[in-house]
Structures are given as C-alpha cells and as structure tokens.
Amino acid sequence: IGVYNKSSKKFEKFVNVNPETSASGVFEGENTVQDVYYAVYPYSELHSYADRDKIMTVDLPAVQNYAENTFGNGANPMVAHAESGEELNFQNLCGVLVINLTGSVTVKSMSVTLLDEAGNLAPVSGKHTVLMDYIEEPSLKSTEESTRSVTLDCGEGMTLNSAEPTPFHIVVPAGTYS
C-alpha cells in the first residue's frame, strides 16, 4: 500500500508482513506521525495527493493481467483515511466486469470500451480523482487524462471451452454502462 507522507509530499510504500491471506494485514514502512493518514492500494509512484484540496489522484491501469476466476493482482484500487491511532479501512473504487466466453479459440488479450448512460465512451482507465474527505463511500471522477479503453492481457493465452464459459474479469470504475 502507499501511505501519504505530508512531510515529503509523496506516498511511502508499506509492505504486508503477514504471510497469511486474509481480509486484514500488518504493514511495515517508514512514515512520520500525522494527525490524519491517507492510503491507497496498490502502491504506485503514479498516485498523488493534493493536501489542500484533499484530492487523491489514482492511476487505473490501461492493461490488466488475467487471473483465473478473479481480477489481476493490483487491478482493483482501494483508498482509506483514518485519524492517527485508528485502523485504515480500505474501500473499493471500482467494480468488476465479468465477460463469459465459450468457443474453441485461444484468447491472448481483449480490449474493452464501454458506453456511459448518455451513450458516450466512458473513462475506464488512466488518471482519476477521489475526494478523500468522504464520509461513507469514496467515488472516482474522471480527468482529462482518463482513457476510454482497458486491455486484459492473457499472457500465453486462455483456450476457451465450447461447453463451459470461461470468465474474464476486468476492473472498471463503478457505474452504469449501456
């Protein structure tokens, strides 16, 4: 994860030292004592935070890696904020589009573009912002640097089954698409 450091004005990397897979973790890293902590998963040097406006900029990957029966590692961003001494409770910023395919071909990659409710190409990758003084749920807003397609890289390829659908999971901003 990345935790914003007010002194250095950048995100410091924290690493999970708990080897078990669970809904919580123990993270270690270097940071200064602050009154409020702002954090993002996954850590990326592309993320930024504007302290005065309380706006975090996150970079949604334009290329996501295929993972069997789930989304790729690091594809689903989350944010958290907490007062000093409190636990960080991360919240998802995106949803997951599942495309089920059958057939007999090998899929090496797929690119997706989506339409918003007005019928315009929707921003699904690139830079988005989050107002970090949210009370219940954070929400993403697109920027001029948001892009309108996302590619799922399937590496050497996934060979489809003609009898049973193969699910492909692609992380996109939460929303309604047509």
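Assorted remarks:
- Extension gain, Ala62 to Ala163: 0.36 nm times the residue separation minus the Cα-Cα distance gives 33.3 nm.
- Largest first and in whole Å, the equivalent-ellipsoid semi-axes of the range 1-147 read 30, 20, 13, each the square root of five times a Cα gyration tensor eigenvalue.
- Dipole moment magnitude, nearest 20 debye, the range 30-78 about Cα centre, only Lys, Arg, Asp, Glu C-beta charged: 120
- Counting only residues at least eight positions apart within a chain, or on another chain, the lysines with an alpha carbon under 30 Å from that of Lys9 are Lys54, Lys127, Lys141.
- Structure remark: mean-square fluctuation, Gaussian network model of the chain, C-alpha springs under 10 Å; the largest value among Gly72, Gly157, Gly25 belongs to Gly25.
- Fraction of accessible area attributable to carbon and sulfur, the chain (%, probe 1.4 Å): 47
- Radius 14 Å from Cβ of Asn5, net charge of other residues (Lys, Arg +1; Asp, Glu -1): -1
- Inter-part distance where the range 144-178 and the range 27-63 are each reduced to a Cα centre, Å: 26
- Set of aspartates and glutamates near Lys6 by C-alpha distance (under 17 Å), chain-local residues within fewer than 8 positions excluded: Glu30, Asp35, Glu45, Asp51, Asp53, Glu83, Asp133
- The heavy atoms of Tyr41 offer some 70 square angstrom of accessible surface to a 1.4 angstrom probe.
- Among Asn100, Asn65, Asn92, residue whose mean-square fluctuation peaks in a GNM of the chain (springs only between Cα atoms under 10 Å): Asn100
- The accessible-area ordering, largest first, of the residues Leu101, Leu114, Leu152 stands as Leu101, Leu114, Leu152, per a 1.4 angstrom probe.
- Charge tally around Asp35: other residues with Cβ under 14 Å, Lys/Arg +1 each, Asp/Glu -1 each, net -2.
The values are calculated or read from the model by the stated rules, or taken from the named source; none is laboratory data. What you see is a predicted model; the values in this text were computed from it and never measured. Ideal geometry is used to build each Cβ from the backbone, glycine not excepted, and the neighbour counts take in all protein chains shown. Heads up: the accessible areas ignore ligands, DNA and RNA and are worked out on the full protein's heavy atoms, side chains in. Shrake-Rupley method; radii C 1.70, N 1.55, O 1.52, S 1.80 Å.
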